[in-house]
Amino acid sequence: MITEETNPAEELETTPTPEETPTEAIVETAAPAEVAAPAEVVFPVVEEKAVEFPVLDLSKATKESILAFYEQLKAILQASASSANFKKVDELTKEVRTVWEAIKQGERAEALAAFKAGNEDSEEGFSFKGDETSQQIDAISAFIRTERSAFFSNMEKLREKALEGKTRLINELRTLVDSDDNSDPAHVNASFKAFKKIQEEWKGLGSVQGPMNQTLWQSYHALVDRFYSNRSIFFELLELDRKKNLQAKEAIATKLEALAAEISKGGALQKLLKEAEELFEEYKHIGPANRDDNESLWTRVKKSLDVLFEQKRAINDAQKQVFEENLKVKREIGDLMKHYANFTAANISEWNQASKAVLALQEQWNNLKGGLPREGGKEVSHNFWSDLKTFFKHKSEFFSKIDAERKANLAAKQLLIDQVNGIVETGTITPEVTQMVIETQKKWKEIGHVPEKQKESIYAKFKAACDAYFNLTREKGKNAKDVEFEANLEAKQAILKEMEAMLKDPSLLASLGEKKAAWDAIGFVPRNNVKAIQESFRTTWNALIDLARTQPKEQLAAWGFELKSLSSESNAGSEEKKSNSPDARKKIQALENDIAVLTNNLEFFAKSKNSDKLRAEVEKRIAEAEKELEKLKKD
């Protein structure tokens, strides 16, 4: 049989000619001397998808790894039960069974020793079944043996059925030949139809293995020869049939030559080989032409097959080199991805930065065209995608925790809103109640972030509730207003003290935005204190902004501090507000992050053929990003 590992051209060259072994020639509705191809020639089957078998390191084998190994073999056999797969499984499990038996014997010996130690060194009543893992391994092993036995038993039944059918057809053909009466035209016509029916049924039966195959073909050829020899009166019809067969074979030979020419020009290999297989199968079952024509046609067919499979070998050799280069580059990308599988961070900005790097690696992986070699390729791909999933799993867990905390903060702030609204509904205005509202404002500041979508709306509700209460106090008269203004002054002075503490400890800058929001939420102060309190706030605010500008961007990001949003709210004339618009600043920050990620990944690529191309592409992207960044900064 021609396989992908053998040279089809070499196998076809060793095929006996009709004159050398006429008894093994393919029957083509004529005498053996006129057939053109041996019965044993089987057209090569193009394997469209190879089965990936697992590999078990016996030196490190455990029950769990052996169970996983057997489960994978079971899945393969359930998906694709074939003779080759069962033989491969037998080969893979041969040594594994020995190791497994040794493990079981060791466990049994340990269990027996423990039993005897507790039963005065007696084995009476001892029973050992093994744990659940051991039982699963034995169950899968038994399943594989049962499936193998059933598969080969079924194969044998099919072959026996084919043998039985061909034996029956031989007997029917012999009876037909022996009872031929060429003197009766009606009988000749009927017997010829019966002969054609036998031929069609013979063609549809499967193959018969072993020595009986040759015996059946010999008998079949001899009877076919006798059948046509007895029909000399139909010689003209026979010659016409041979001419038709010649035309049909010439058409197939021409098509095969066209396929060989097309594949030489770079046609789709798998598609062309499948077409060639179908044509060759049709060729084998066409009746005979004249001997000389048969031999010349077979030479043409064989030559076309040589071209087809030579091209396949050349393509496979070229692909092998490309696959090896791809494996080197993807190993390097996989090593980078492995670093991010264990990534952890305490703030959102670091996770977003890492996500950009991971997505850049994924893009580089996907942009690398071509396959990978079977050995090593599966492991590299598995590790890469496993590490990628692990990273995003950790990221999802982090953000789930953040979301839970923010939802809890949202509920807490909503409770404060409800408390203030409840006070407003009662209409009670006393110094004690006013102090309760002020305490509520302090608690609001101590509660952390809420979900981004509710940030503005929840603050607006709280401010509206507080405004509603203090509007009530203003309506009660001047004395009530004075109390409110004094309380507001105390609240603002407390915020100023907290802001002044930030000048000594920059890590507290993370809450500067919240202080600003709390300041804005506080109402009026006594008239005599307005100018002083505003000047103190402005001075302290500008000092904090100046302090923030002296801190490294990475440190600010770690504190959760966003300078661009806070400085734009200041009345001190921020330079950053003047220099760039919010959209421009966002673009600048995005470009700086992209350049950092690309530059970091660029250092890990090896000097191989494919990585050179990838390196050049990354360097080009860095140059383009730096150019755009420079332009934005100038604007």
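Here are Leu547, Leu509, Leu503: which of them is buried (at least 18 other Cβ atoms within 10 Å of the Cβ), touching a helix residue (DSSP H, G or I) at 6+ places or on another chain (Cβ under 8 Å), in a helix (DSSP H, G or I) and at pLDDT below 90?
After ruling out the rest, the residue left standing is Leu509.
Filter the stretch 103-132 for residues that are of a type in the set (D, E, K, R) and more than 28 Å from Ser65 (Cβ to Cβ) and give the result.
Within the stretch 103-132, Lys116, Glu120, Asp121, Glu123, Glu124 qualify.
Within the stretch 284-300, is even one residue touching a residue at least 24 places away in the same chain (Cβ under 8 Å), basic (Lys, Arg), crowded, with 21+ Cβ neighbours inside 10 Å and touching a Ser or Thr at 6+ places or on another chain (Cβ under 9 Å)?
There is no residue in the stretch 284-300 that is touching a residue at least 24 places away in the same chain (Cβ under 8 Å), basic (Lys, Arg), crowded, with 21+ Cβ neighbours inside 10 Å and touching a Ser or Thr at 6+ places or on another chain (Cβ under 9 Å).
Only one residue in Gln362, Gln414, Gln419 is over 30 Å from Ala468 (Cα atoms), assigned to a helix (DSSP H, G or I) and not charged (D, E, K, R). Which one?
The conditions single out Gln362.
A quick yes/no check of all residues on (1) touching a residue at least 60 places away in the same chain (Cβ under 8 Å); (2) within 21 Å of Lys63 (Cα to Cα); (3) in contact with a Lys or Arg (Cβ under 8 Å, 6 or more places away or on another chain); (4) polar (S, T, N, Q):
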{"residue": "Thr98", "(1), (2), (3), (4)": "no, yes, no, yes"}
{"residue": "Lys104", "(1), (2), (3), (4)": "no, yes, no, no"}
{"residue": "Glu107", "(1), (2), (3), (4)": "no, yes, no, no"}
{"residue": "Ala117", "(1), (2), (3), (4)": "no, no, no, no"}
{"residue": "Phe128", "(1), (2), (3), (4)": "no, yes, yes, no"}
{"residue": "Ala139", "(1), (2), (3), (4)": "no, yes, no, no"}
{"residue": "Thr146", "(1), (2), (3), (4)": "no, no, no, yes"}
{"residue": "Phe151", "(1), (2), (3), (4)": "yes, no, no, no"}
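Quick one: would you say Asp612 is of a type outside the set (Lys, Arg), within 25 Å of Glu363 (Cβ to Cβ) and at pLDDT 60 or above?
It is true that Asp612 is of a type outside the set (Lys, Arg), within 25 Å of Glu363 (Cβ to Cβ) and at pLDDT 60 or above.
Is there any pair linking a residue in the stretch 391-404 that is free of Cβ contacts under 8 Å to residues at least 60 places away in the same chain to one that is part of a helix (DSSP H, G or I) and aromatic (Phe, Trp, Tyr), with Cβ under 8 Å and at least six apart or on different chains, and which?
Phe391/Tyr340; Lys395/Trp351; Phe398/Trp351; Phe399/Trp351
Out of all the residues in the stretch 512-530, which are in a loop (DSSP other than H, G, I, E, B) and surrounded by 17 or more Cβ atoms within 10 Å (Cβ to Cβ)?
The answer is Ile522, Gly523, Val525.
Which of (1) more than 23 Å from Leu77 (Cα to Cα); (2) exposed (fewer than 11 other Cβ atoms within 10 Å of the Cβ); (3) small (Gly, Ala, Ser) is the odd one out, the single condition Ala109 does not satisfy?
(2)
Residues that are free of Cβ contacts under 8 Å to residues at least 24 places away in the same chain and over 15 Å from the mean Cα position of the chain (by Cα): does the stretch 348-357 have at least one?
yes
The values are calculated or read from the model by the stated rules, or taken from the named source; none is laboratory data. Predicted model only: the values in this text are computed from it and were never measured. So basically every Cβ, Gly included, is an ideal-geometry build from the backbone, and we count neighbours across all protein chains shown.
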